[in-house]
Amino acid sequence: MGIFSMLRSDESAKSTARDAMKEARKGEDAPSGGALERTVTMIRNIGLDGKLTYSSAADTARRAQRGRGRRRPEVAVRRLVRRHRRGVTAGGFVTGLGGFVTLPILLPTNVLEFYVQATRMVGAIAAVRGYDLDDEEVRVRVLAALVGEESGDVLKSVGLGPVAGAAARGVAGRLPKNPQSEVVGAIGARLVRRFGLRSTRLFGKAIPGLGAVLGALSDRSQLNRIATAAQQSFPPVR
């Protein structure tokens, strides 16, 4: 069972995503403990740790490292990007396939599906390059990468600069007291904007057929930006 099928059957997840999109349309910062914060936490947990038959980022990284990927980490990274690019492209296509009839139902699931796959991809890239996914700072950096080219600004806002090619260790003294909440707050406004823009943009999917193509291309392009941010955020461990 793929992530799209799993999330389509998860009524709690869909309800939370719908509430997050309502917050986005209000154009306000996400409140502490609000739907958007709960959505980001859910995305992080499923994307990094897995759920049911949806594999974790660590397991996904190990599969990508088979064969040549073990000797050449960049081969594994390319495999990860290709695999997840295919996944989000398919999800974007399916969401727009039915036009106005299915868009209101599938859009919240598509938003969740996209960011869960993106989180797993970023986490798997970090694992391939030698980072510990149980490390709190690494998990914070994975979330920050979801805003693509703005990830550096997010990290600066919580007192973190770029890593210097070494796995994060002993970071408690450098992280905020509640780093997860701090980062969710820092990326909250950005994700609100992206949820809002995404909702507006995806209404182009309301035309069956054409909407499916537009959705697939949009999701593919956004994932490419996140993949670039991930590779910059997690340089190879020396």
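The values are calculated or read from the model by the stated rules, or taken from the named source; none is laboratory data. Nothing here was measured: the structure is a model prediction, and the numbers come from that model. We place every Cβ from the backbone using ideal geometry, glycine too, and count neighbours over all the protein chains shown. Each accessible area value is taken on the protein alone, full model and side chains, heavy atoms only, with ligands, DNA and RNA left out. Shrake-Rupley method; radii C 1.70, N 1.55, O 1.52, S 1.80 Å.
Identify, from the list Ala126, Ala118, Ala186, the residue that is at pLDDT 85 or above and touching a Ser or Thr at 6+ places or on another chain (Cβ under 9 Å).
Residue meeting the stated conditions: Ala126.
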Segment 214-223 - residue that is open to solvent by 10 Å² or more (accessible area, probe 1.4 Å) and in contact with a Lys or Arg (Cβ under 7 Å, 6 or more places away or on another chain) and, of those, modelled with the lowest pLDDT | Leu214
Inspect all residues belonging to segment 22-39 and state whether any of them is modelled with pLDDT of 65 or more, within 24 Å of Ala145 (Cβ to Cβ) and assigned to a loop (DSSP other than H, G, I, E, B).
-> yes
Considering only residues that are open to solvent by 80 Å² or more (accessible area, probe 1.4 Å) and farther than 21 Å from Arg141 by Cα, look in segment 43-79 and name the one that is modelled with the lowest pLDDT.
-> Arg70
